[in-house]
């Protein structure tokens, strides 16, 4: 894909547009309308989750929601960096808590990672970096490319590869999306995605009591923050000097998924699901 962008002097988003136009037969306006629908859903689930009063999520865990509290307290932070991390984390918690409530679910790429991409998009939109609607579309397309590559060369499923395949891939998608929204070259998107995904490798899926709550909800917040971290590293390093490329990371994801003990693949038979006692 990077070779295509270099050959034709296009962005990752333009590559994705060309693919959608060729395969679907639809025009750009129709594709943009669908992208806007996705973007609207992502922003809506974050805003709804942030505005929701503190409550107890369904199920035996009796987990209290915290997105609204984290957001309110983050907004009081005088230091911009701390405020930004807090708001991003709150947005991810909000999206994931909405999933846990049984409300709108953003599968980007999965339900377990429902808070990551919505938080990234929220952080790029009117309440964050204030990128234009077109830039948000391009961010979504760049993220989709990473999701596509992981799906077809590794896995997106926690049942097959653990949480690295869900939160890890979502974080990689977010890293690419952030770079695209900032008009950085395709190589920066690739490096940001690779960095974000790389640092989720080996992550297990061990949901307590079989509910997508612990550790899933907080894990979405960490995935969103890692997406930004991956981007900031990629943006500020010499891109040609990056030693680990995204292809190598995706290959490692696939191999790690094969080697992982089956108990850590969404079975709730090990890890936190066993060590955390509900009473």
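The values are calculated or read from the model by the stated rules, or taken from the named source; none is laboratory data. Because the structure is predicted, anything quoted here is derived from the model rather than measured. Note: ideal-geometry Cβ built from the backbone for every residue, glycine included; neighbour counts use all protein chains shown.
For the range 156-186, what are the residues that are surrounded by 24 or more Cβ atoms within 10 Å (Cβ to Cβ) and within 22 Å of residue 267 (Cα to Cα)?
Answer for the range 156-186, where residues must be surrounded by 24 or more Cβ atoms within 10 Å (Cβ to Cβ) and within 22 Å of residue 267 (Cα to Cα): 158, 161, 162, 163, 164, 165, 166, 167, 168, 169, 170.
Restricting to the range 48-61, name every residue that is assigned to a helix (DSSP H, G or I) and surrounded by fewer than 16 Cβ atoms within 10 Å (Cβ to Cβ).
Of everything in the range 48-61, just one residue is assigned to a helix (DSSP H, G or I) and surrounded by fewer than 16 Cβ atoms within 10 Å (Cβ to Cβ), namely 51.
For residue 64, indicate whether it is in contact with a strand residue (DSSP E or B) (Cβ under 8 Å, 6 or more places away or on another chain) and either under 23 Å from residue 158 (Cα atoms) or surrounded by fewer than 24 Cβ atoms within 10 Å (Cβ to Cβ) (or both).
yes
For the range 202-216, indicate whether the set of residues that are closer than 28 Å to residue 14 by Cβ, buried (at least 17 other Cβ atoms within 10 Å of the Cβ) and touching a helix residue (DSSP H, G or I) at 6+ places or on another chain (Cβ under 9 Å) is non-empty.
Taking every residue of the range 202-216 in turn, none turns out to be closer than 28 Å to residue 14 by Cβ, buried (at least 17 other Cβ atoms within 10 Å of the Cβ) and touching a helix residue (DSSP H, G or I) at 6+ places or on another chain (Cβ under 9 Å).
Name every residue in the range 197-244 that is over 15 Å from residue 158 (Cβ atoms), more than 19 Å from the chain's Cα centre (by Cα), in contact (Cβ under 8 Å) with a residue 24 or more places away in the chain and part of a loop (DSSP other than H, G, I, E, B), in order of residue number.
Hits for the range 197-244 are 237, 242, 244.
Any chance the range 80-100 includes a residue that's more than 17 Å from the chain's Cα centre (by Cα), over 19 Å from residue 170 (Cβ atoms), modelled with pLDDT of 95 or more and part of a loop (DSSP other than H, G, I, E, B)?
Checking the range 80-100: not a single residue is more than 17 Å from the chain's Cα centre (by Cα), over 19 Å from residue 170 (Cβ atoms), modelled with pLDDT of 95 or more and part of a loop (DSSP other than H, G, I, E, B).
For every residue, the table says whether it meets (1) at pLDDT below 95; (2) farther than 15 Å from residue 195 by Cα; (3) touching a strand residue (DSSP E or B) at 6+ places or on another chain (Cβ under 7 Å); (4) part of a helix (DSSP H, G or I).
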position	(1), (2), (3), (4)
134	no, yes, no, yes
137	no, yes, no, yes
147	no, no, no, yes
155	no, yes, no, no
160	no, yes, yes, yes
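Pairs only if they're at least six apart or on different chains, beta carbon under 9 angstrom, first in the range 2-16 and at negative phi and touching a residue at least 60 places away in the same chain (Cβ under 8 Å), second surrounded by 16 or more Cβ atoms within 10 Å (Cβ to Cβ) and outside any helix (DSSP H, G or I); list them, first residue then second.
What qualifies is 5/11; 5/185; 11/185; 12/1; 15/1.
In this structure, is residue 129 in contact (Cβ under 8 Å) with a residue 40 or more places away in the chain, part of a helix (DSSP H, G or I) and in contact with a helix residue (DSSP H, G or I) (Cβ under 9 Å, 6 or more places away or on another chain)?
For residue 129, the condition - in contact (Cβ under 8 Å) with a residue 40 or more places away in the chain, part of a helix (DSSP H, G or I) and in contact with a helix residue (DSSP H, G or I) (Cβ under 9 Å, 6 or more places away or on another chain) - is not met.
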